[in-house]
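One structure is given below, encoded as structure tokens.
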Amino acid sequence: MDTIELVLNSLLGPNKDIEPLDKISLSLTCPITYTKMKVACKGSRCRHATCFEGASFLQMHQQSGEPRWKCAVCKEIVHWYNLRSDELMQYLIEQFPDCDKVEAKLQDGVLSFHGIPADPDVDDDEDGMD
Ligand SMILES: [Zn+2]
């Protein structure tokens with residue numbers, strides 16, 4: 001499932017039994033290597049927004065003698081041919097190169113993204129105007 005679809009589902013509320021969220025946080029960090037992703041991937045059947053680094057996933061499986069093709073997030077079987085790059089996450093990685101996380105919000109029907117800087121201490125740093 002595409003991340004954009006999951007994000008919209010969560011923000012709009014998938015059905016009337018589930019309250020829509022007012023925002024959703026997306027991690028740009030790979031859960032395998034804990035570094036910023038370059039190519040955000042997940043399995044074609046994964047139903048979560050979190051992605052992992054495609055190269056790390058393949059590498060991890062090449063290195064293990066007995067490859068078990070499992071998603072790093074949900075443990076669903078993900079064969080290399082079921083690995084998909086995720087367009088939304090890829091876009092966010094490029095839009096927010098200095099951020100670990102991005103918050104998605106839906107306001108007046110417009111989806112907006114707000115990057116959260118990697119180091120929260122940098123928040124107070126006011127640079128003035130050049
Ligand atoms: Zn998964």
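No value in this document is a laboratory result; all are computed from the given coordinates. All values derive from a computational prediction rather than experimental measurement. Backbone-built Cβ (ideal geometry, glycine too); neighbour counts: all protein chains shown.
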Put a dot 7 Å past each Cα toward the Cβ at H114 and C74; how far apart are the dots in nm? 2.8 nm
Using the Karplus equation 6.51 cos²θ - 1.76 cosθ + 1.60 (θ = phi - 60°), what ³J(HN,Hα) coupling, rounded to whole Hz, does each residue of the range 87-97 give in order, writing x for Gly and Pro? 4, 5, 5, 4, 4, 5, 4, 6, 6, 10, x
Any idea what the relative contact order of the chain is, in percent, if you count C-alpha pairs under 8 Å spaced at least 6 apart? 26 percent
Taking 22 Å as the cut-off for C-alpha to C-alpha distance, list the pairs among K42/K101; K42/K75; K23/K70; K23/K101 that go past it. K23/K70
Using all alpha carbons of the range 3-124, what is the percent of pairwise distances in each 5 Å bin, ordered from the shortest bin to the longest? 2, 11, 19, 21, 17, 14, 9, 4, 2, 0, 0
Cα-centre dipole for the chain with unit charges at Cβ (Lys and Arg positive, Asp and Glu negative), debye to 20: 1240 debye
For K101, enumerate residues with amide H under 5 Å from its amide H, sequence gap 5+ or separate chain, H modeled in the peptide plane. L28, I116
Arrange R45, R84, R68 by Cβ neighbour counts within 10 Å, fewest through most, would you? R68, R45, R84
Skipping prolines and chain starts, which residues have an amide H placed within reach, meaning under 5 Å, of the one on K70, given they are 5 or more residues away or on another chain? V78
